[in-house]
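Undergrad: Can you keep this structure in mind? I'll have questions shortly.
The values are calculated or read from the model by the stated rules, or taken from the named source; none is laboratory data. As the structure is a prediction and not an experimental result, all values here were calculated from the model. With ideal geometry, Cβ positions are generated from the backbone for all residues, glycine too; neighbour counts draw on all protein chains shown. Surface accessibility is based on the protein's heavy atoms, side chains included, excluding ligands, DNA and RNA. Shrake-Rupley method; radii C 1.70, N 1.55, O 1.52, S 1.80 Å.
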Amino acid sequence: MKTTKDIIPESKMKHLFPADFAWGVATSAYQIEGATQVDGRGPSIWDTFSHTAGKTDGGDTGDIACEHYQRYREDIALMREMGVTDYRFSCAWPRVQPTGSGAWNEKGWDFYARVLDALDEAGIAAHATLYHWDLPQPLEDAGGWRNRATCALFAEYAAEFARRFGSRVKTIATHNEPWCTATLGHETGQFAPGLRDRAAAFLVSHHLLLSHGMALQAMRAAGCKAQLGIVLNQSPAYPANPDSEADRRAARLADGLSTRWYMDPLFRGAYPADVVAHLGSDAPQVEQGDMAIIGQPMDFLGLNYYMRSYCSGEGRVQPPGERGFTDMGWEVYPEGLTEHLVRLARGYNPPPIYITENGAATPDTLEGDAVHDADRVNYLRWHLEAAAAALQQGVDLRGYFAWSLLDNFEWDSGYAKRFGLIYVDYATQRRVLKDSAHWYRGYITAQRAATGLE
């Protein structure tokens with residue numbers, strides 16, 4: 001990545017983040033836990049998908065991953081060493097309810113209770129996500145998210161989580177990145193369950209949003225004290241040539257399919273009309289009352305940002321990449337984070353926002369006891385400056401979670417891509433703090449000191 005002039009001069013950085021800003025790291029269950037057949041956990045769609053030949057790089061699976069199920073105390077100790085104040089994790093639905101309905105698995109619940117105990121001891125606030133793509137396989141066998149009945153089962157699971165842990169976690173997000181579940185899982189086939197059916201994908205997107213609203217209702221009825229919301233991944237769309245009508249149309253459609261398709265029903269009570277027209281017969285059927293359920297008031301909105309969409313009417317084009325590209329081939333474009341946060345705040349009047357994921361895959365190598373990942377340091381710094389710029393423009397931004405705490409199972413990329421601030425030697429499960437982890441610790445310390453907290 002190319003080093004360029006700071007978005008905001010470093011001399012001003014100490015004044016930009018409020019004292020109660022959440023400084024976090026994030027993970028998800030299937031990517032780190034392993035122990036997929038331990039203590040009563042049932043199979044998920046990602047167990048099935050990753051064990052299907054040709055679906056993941058190298059045939060990798062999450063069977064072992066980072067052994068976080070056994071090593072969670074070590075990992076939480078590393079978080080404390082890094083100085084983070086907040087931790088975002090996901091609960092594996094098949095670990096606590098192996099078939100997605102019926103009896104609860106107490107050994108699964110006990111694991112998450114132990115994680116919360118360890119976080120309490122470390123003084124780290126917990127942020128839970130209920131669904132990070134690991135649907136219990138028996139539910140998929142019954143139609144998965146294409147089956148409206150799954151929404152009610154998800155709400156039951158959410159209510160049980162809230163009854164057990166609703167006073168022990170700071171926030172609960174219903175879904176992580178429903179666009180990925182719907183589009184990558186059901187339209188392109190890149191993710192589990194691996195379907196290629198556009199109509200199914202948009203039906204799934206509707207059911208995910210519906211289940212979100214039903215879950216909020218169920219958790220509030222259960223007396224949940226945590227703040228409730230959803231986490232969306234969004235890549236703001238830019239025309240490759242702003243003077244080209246075709247490129248502007250392509251950007252408008254890309255924005256509709258990714259950002260407006262989820263934001264509009266959540267905050268405006270309807271799907272965007274231009275996208276519905278574009279989908280034609282593939283648009284989902286919306287039943288009476290669905291939009292009122294989807295539009296339940298939220299306490300926060302989570303935004304996952306990695307890159308922008310660079311759109312041309314002539315198909316895929318390479319963005320300029322003035323700051324370089326990550327190991328995923330994604331353009332580094334921090335300015336898009338500022339612009340998108342401001343756009344959401346002004347256009348939708350959302351509740352307080354957390355940046356719930358932001359990070360970069362880089363080709364890291366272990367050199368003795370160190371990993372020199374300067375590109376990731378630059379990436380984090382640039383995006384934190386972009387977040388600060390959004391704050392200065394009035395965005396109610398409450399926290400930042402770096403993705404990810406650990407190198408881990410990166411879905412269809414297997415173990416070939418490393419996003420972690422902590423290096424994991426998968427053969428030995430040794431953990432090594434990368435330069436980016438040390439930098440993030442220093443950054444957090446400096447920010448908190450500027451507000452009198454350190």
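Undergrad: Have a look at the DSSP beta bridges in the chain and tell me what percent are antiparallel, nearest 5.
TA: Working: 7 of 45 bridges.
Taking every DSSP beta bridge within the chain, about 15 percent pair in antiparallel fashion.
Undergrad: Now a separate question. Tell me which GluC sites (Glu not before Pro) from the range 283-338 have a DSSP coil assignment and no more than 13 other beta carbons within 10 Å of their own.
TA: Qualifying residues, ordered by number: 287, 314, 322.
Undergrad: Continuing with the same structure: Taking every eigenvalue of the Cα gyration tensor of the range 260-397, multiplying by 5 and rooting it, what semi-axes result, largest first, whole Å?
TA: The equivalent ellipsoid of the range 260-397 has semi-axes of 33, 20, 15 Å.
Undergrad: Using DSSP, restrict attention to beta bridges with both residues in the range 346-454 and report what percent are antiparallel, rounded to the nearest 5.
TA: Beta bridges within the range 346-454, antiparallel portion: roughly 50 percent.
Undergrad: Can you classify the range 1-151 as rounded, prolate or oblate using the Cα gyration tensor, where a ≥ b ≥ c are the square roots of its eigenvalues, rounded means a/c under 1.5, and otherwise it's prolate if a/b beats b/c and oblate if not?
TA: prolate
Undergrad: With no solvent and one point on each alpha carbon, what is the Debye value of log10 I(q)/I(0) for the range 184-326 at q = 0.11 Å⁻¹?
TA: Values returned for q = 0.11 Å⁻¹ are -0.50.
Undergrad: Moving to a separate point now. Could you give the distance between the Cα centres of the range 172-229 and the range 280-325, to the whole Å?
TA: About 13 Å separates the Cα centre of the range 172-229 from the one of the range 280-325.
Undergrad: Grab the chain and count how many Lys pairs have their alpha-carbon atoms under 19 Å apart, sequence gap of 8 or more, or different chains. Could you put the intermediate results ahead of the total?
TA: Working: 5/14; 55/417; 170/225; 417/434.
Value for the chain: 4.
Undergrad: For the chain, compute Rh as the Kirkwood radius over C-alpha pairs and then the Stokes-Einstein diffusion coefficient at 20 °C and 1.002 mPa s; write the answer in µm²/s, rounded to an integer. Spell out each step's value before the answer.
TA: On the way: Rh = 22.2 Å.
In µm²/s, the coefficient rounds to 96.
Undergrad: For every helix of n ≥ 4 consecutive DSSP H residues, a contribution of -39,500 (n - 2.57) applies; sum these over the chain, divide by its total residues, and give [θ] at 222 nm rounded to the nearest 500 deg cm²/dmol.
TA: Working: 16 runs with 176 residues, N = 454.
Mean residue ellipticity, 222 nm, calculated: -11500 deg cm²/dmol.
Undergrad: May I ask you to derive the FRET efficiency for residue 277 and residue 445 from their Cβ-Cβ distance with R0 = 56 Å, giving the value to the nearest 0.05?
TA: Given R0 = 56 Å and the Cβ-Cβ separation, E is 0.60.
Undergrad: Of the options 428, 446, 414, report the single residue whose Cα projects farthest towards the positive end of the charge dipole of the range 391-449 (beta-carbon charges: Lys, Arg +1; Asp, Glu -1).
TA: 446
Undergrad: Calculate log10 I(q)/I(0) of the range 360-405 for q = 0.26, 0.28 Å⁻¹, where I(q) comes from the Debye formula with a single equal point scatterer on each Cα and nothing for solvent.
TA: Per q value, in the given order, log10 I(q)/I(0) is -0.98, -1.06.
Undergrad: Give me the percent of the accessible area of the chain that comes from carbon and sulfur atoms, probe 1.4 Å, all protein chains in place.
TA: 49
Undergrad: Nearest 0.05, what FRET efficiency do residue 366 and residue 288 give at R0 = 60 Å with Cβ-Cβ as r?
TA: 0.55
Undergrad: Between the range 17-82 and the range 351-411, what's the alpha-carbon centroid distance in Å?
TA: 18
Undergrad: How about the range 307-403: which trypsin sites (Lys or Arg not before Pro) there are in a DSSP loop, with at most 15 other Cβ atoms within 10 Å of their Cβ?
TA: 316
Undergrad: Compute log10 of I(q)/I(0) for the range 172-268 with the Debye formula, placing one identical point scatterer on every Cα and leaving out solvent, at q = 0.14 Å⁻¹, to two decimals.
TA: So the normalised log intensities are -0.61.
Undergrad: From the C-alpha gyration tensor of the range 121-209, pull out the three semi-axes of the equivalent ellipsoid (sqrt of 5λ each), sorted largest to smallest, in whole Å.
TA: With the √(5λ) rule applied to the range 121-209, the semi-axes are 27, 14, 10 Å.
Undergrad: Write down the radius of gyration of the range 236-291 and its Dmax, each obtained from C-alpha positions, in Å.
TA: So, for the range 236-291, Rg and Dmax equal 12.9, 42 Å respectively.
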